[in-house]
1. What residue, among those in region 42-91 that are among the aliphatic types (A, V, I, L, M) and modelled with pLDDT of 95 or more, is nearest to residue 157 (Cα to Cα)?
2. Tell me whether region 133-145 contains one or more residues that are modelled with pLDDT of 95 or more, farther than 27 Å from residue 55 by Cβ and not in a strand (DSSP E or B).
3. With respect to residue 130, determine if the residue is at pLDDT 95 or above, of a type in the set (Ser, Thr, Tyr), within 29 Å of residue 31 (Cβ to Cβ) and in contact with a helix residue (DSSP H, G or I) (Cβ under 9 Å, 6 or more places away or on another chain).
4. Report whether or not residue 120 is among the small types (Gly, Ala, Ser), open to solvent by less than 40 Å² (accessible area, probe 1.4 Å) and either out of contact with any Lys or Arg (no Cβ under 6 Å at 6 or more places or on another chain) or under 25 Å from residue 191 (Cα atoms) (or both).
5. Please list, ordered by first then second residue, the pairs with beta carbon atoms under 7 Å, 6 or more apart or interchain, first in region 68-87 and at positive phi, second crowded, with 16+ Cβ neighbours inside 10 Å and part of a helix (DSSP H, G or I).
6. When residues of region 146-177 are filtered for being without any contact (Cβ under 8 Å) to a residue 40 or more places away in the chain and part of a loop (DSSP other than H, G, I, E, B), how many remain?
7. Kindly evaluate residue 22 against the criterion of being open to solvent by 40 Å² or more (accessible area, probe 1.4 Å), modelled with pLDDT of 90 or more and among the polar types (S, T, N, Q).
8. Would you say residue 112 is open to solvent by 10 Å² or more (accessible area, probe 1.4 Å) and free of Cβ contacts under 8 Å to residues at least 40 places away in the same chain?
Amino acid sequence: MMIRMTRKYIEFSDKTIEPPFTIIKPGVSEKEFFEFATEDISCELIEGVLVIHSPASLKHESIFGFLFTIFNLFLKRTDQGKVIGSRFVMRLGPTLIFEPDLLVVLPSSYSKLRPTYLDGPSDFLIEILSPSTQETDLTKKIPYYLEKGVKEIWVIDPTLEELTVFMPKDRIKKYTDSKIVKSMVIKGFWIKLEWLWNIDNVNPLDCFNEILKQESI
């Protein structure tokens, strides 16, 4: 029986498994994880279980690209830290290695940065939900993020058009419609939700300039 995994699908004998899918392999060590993980495969280590996710959808990648651009521009402009995209993992322990969609590291946390991973919690992170990752993100990863010291988490649900903010001490706030969402960790940063839900019709440079002009909102 032959199994072949590509970046887009899995071939299982004579059948092709299309996304979304999740592959789980228990009993994986930290050393094995780093030997297996590559830039081409989205994988995480959750309580010693290797979790491999199917490729992201076009909508997911469009939202990711938009957010990475405006965060990168804003953080460079205000000198508040670094934004790092997916495929860069966050190590929270020998059995807990996660791959958030976006993470922000403030200057006070630069000492945690390693060439291929962040050794400890980021200050801020974003997860963009997809069918193959939604249950893992909400039930497994979010509690560990908060327990280990992440200060602010944005969870974006493109299907329901919702953004939920999670912070320590069980502080949770859900945003819908066209409301403005402001970061509590990154001073002066905010977005309009309508940008995310109309991602193909917005220019990230225009949004960045609007953020700079209205930091006091």
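The values are calculated or read from the model by the stated rules, or taken from the named source; none is laboratory data. Source: prediction; values computed, not measured. Heads up, the Cβs are rebuilt from the backbone with ideal geometry, glycines too, and the neighbour counts pull from every protein chain shown. Just the protein is used for accessible areas: all its heavy atoms, side chains included, with ligands, DNA and RNA removed. Shrake-Rupley method; radii C 1.70, N 1.55, O 1.52, S 1.80 Å.
1. Within region 42-91, the match that is nearest to residue 157 (Cα to Cα) is 63.
2. Checked region 133-145: no residue is modelled with pLDDT of 95 or more, farther than 27 Å from residue 55 by Cβ and not in a strand (DSSP E or B).
3. Criteria not met by residue 130.
4. no
5. Cβ pairs passing all conditions: 81/75.
6. 11
7. Considered against the rule, which asks whether it is open to solvent by 40 Å² or more (accessible area, probe 1.4 Å), modelled with pLDDT of 90 or more and among the polar types (S, T, N, Q), residue 22 comes out as no.
8. Yes: the conditions hold for residue 112.
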